[in-house]
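Participant: Here you go, one structure.
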Amino acid sequence: MEPDSYIDGFVLAVPTANKETFRQHASEAAQIFKKHGALEIVECWGDDVPEGKLTSMPLAVQRKDDETVVFSWVVWPSRAVRDAGMQAVMDDPLCPKDMPFDGQRVIYGGFRVLVHA
């Protein structure tokens, strides 16, 4: 990973019954992200995501009993490439529009790499 790399991180809740639909959606979206400059896209299906009393990923995304937490990230070569690329992704007519999850409960943010070991 290059020193100027930029990471977009996401935490969301996906209905467990939509796992395969989500996998297909994420695979299609990944190709669009890569077309517009992303270097790597990783989608992780929750396996050991404990409930917290004060904070936790399930609490943060208001996970329902029939949902699974997903943790994802996109690696970009720089913030500038990310800014242009993200806009291009949103404008791309091939970008999947129907999300198999509640987009209002997605937590996301952009991060500059501090340590990569």
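Participant: Tell me, in nm to one decimal, what length is gained between K19 and W73 on full extension, where the rule is 0.36 nm per residue of separation less the Cα-Cα distance?
Facilitator: Here the segment from K19 to W73 would lengthen by 17.7 nm.
Participant: Enumerate the lysines that K64 could reach by cross-link, defined here as Cα to Cα under 16 Å, with residues fewer than 8 away along the same chain left out.
Facilitator: Excluding near neighbours in sequence, the set is K19, K53.
Participant: Helix 19-35 sits at what angle to the longest principal axis of the chain, using alpha carbons and giving 0 to 90 degrees rounded to 10?
Facilitator: 10
Participant: Loop by DSSP (not H, G, I, E, B), at most 11 other beta-carbon atoms within 10 Å: where is the longest site-free stretch of the chain for trypsin sites (Lys or Arg not before Pro)?
Facilitator: 1-52
Participant: Let me ask something additional. Given charges of +1 on the Cβ of Lys and Arg and -1 on the Cβ of Asp and Glu, with all other atoms neutral, how large is the dipole of the chain about its Cα centre, in debye to the nearest 20?
Facilitator: So the magnitude is around 220 debye.
Participant: Would you calculate a helix-derived [θ] at 222 nm for the chain, using -39,500 (n - 2.57) for each DSSP H run of n ≥ 4 and dividing by the full residue count, to the nearest 500?
Facilitator: -9000 deg cm²/dmol
Participant: Hey, for a label at A80 modelled as a point 7 Å past Cα toward Cβ, could you say which residues of the stretch 1-19 have their backbone N under 17 Å away?
Facilitator: 2-7
Participant: At most 15 other Cβ atoms within 10 Å and a DSSP loop assignment: could you name the GluC sites (Glu not before Pro) in the stretch 1-90 that fit? Walk me through the intermediate numbers first.
Facilitator: On the way: sites: E20, E28, E40, E43, E51, E67; in loops: E51.
Passing both the DSSP loop test and the Cβ count: E51.
Participant: Related question: Working from the pairwise distances between different alpha carbons, so that the mean of 1/r is found and then inverted, what is the chain's Kirkwood radius in Å?
Facilitator: It is 15.0 Å.
Participant: With a 1.4 Å probe and all protein chains kept in place, how much accessible area does F71 have, in Å² rounded to the nearest 10?
Facilitator: Accessible area of F71: about 90 Å².
Participant: Within the chain, what whole-number % of the accessible surface is contributed by carbon and sulfur, with the 1.4 Å probe and all protein chains included in the calculation?
Facilitator: 55
The values are calculated or read from the model by the stated rules, or taken from the named source; none is laboratory data. Here the structure is a predicted model, which means the values were calculated and not measured. Glycine gets a Cβ as well: all are built from the backbone with ideal geometry, and neighbour counts include every protein chain shown. SASA here: full protein model, heavy atoms, side chains in, ligands and nucleic acids out. Shrake-Rupley method; radii C 1.70, N 1.55, O 1.52, S 1.80 Å.
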